[in-house]
Amino acid sequence: MSFNLFLLEAAATTGEANAQPGGVGGILGMALPFIVMLALMYFLIIRPQKKKEKAEKAMRDNLQVGDEIVTIGGIYGRVISLKEDTIVIESKSDHSKMTIARWAMQQNLTVHDDTPSK
């Protein structure tokens, strides 16, 4: 019985020594892993995706008549006309014309010289 009493006293003493007031340190200690996880998710997933979307939008906005493109369906063609949301392309093989949505353009194969002409 004295052994059980000794264990109870030891547990009470240990609990008093480890007890901390529930202040800012306790909340920050619990929230810190979540904050770090959100920051890592932003820098490893969200930020690169936004950067890629911005580059794709710039490519589609800088499209010109005569550019060689590839659609997301794998169709190669040359741009015949441009409209706000659509592009008319001519396929390479049989010279048939197709109207596609701008978002369906995957890659511009034509390299443009970005230096201004004199």
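The values are calculated or read from the model by the stated rules, or taken from the named source; none is laboratory data. Small disclaimer: the values here were computed from a predicted structure and weren't measured. Cβ placement follows ideal geometry from the backbone for every residue including glycine, while neighbour counts extend to all protein chains displayed.
Kindly provide the set of residues from region 71-98 that are among the hydrophobic types (A, V, I, L, M, F, W, C) and touching a strand residue (DSSP E or B) at 6+ places or on another chain (Cβ under 7 Å), ordered by number.
72, 75, 79, 80, 87, 88, 89, 98
Tally up the residues in region 73-85 that are β-branched (Val, Ile, Thr) and either modelled with pLDDT under 95 or over 30 Å from the mean Cα position of the chain (by Cα) (or both), please.
Initial filter on region 73-85 (β-branched (Val, Ile, Thr)): 75, 79-80.
Filter again for either modelled with pLDDT under 95 or over 30 Å from the mean Cα position of the chain (by Cα) (or both), leaving 75, 80.
The number of residues fulfilling the criteria is 2.
Could you list, ordered by first residue, the pairs with Cβ atoms under 6 Å in which the first is in region 54-71 and surrounded by 10 or more Cβ atoms within 10 Å (Cβ to Cβ) and the second is part of a helix (DSSP H, G or I) and of a type in the set (Gly, Ala, Ser), at least 6 apart or interchain?
71/104
Out of (1) modelled with pLDDT under 90; (2) under 22 Å from residue 55 (Cα atoms); (3) not small (Gly, Ala, Ser), the odd one out for residue 102 is which?
(1)
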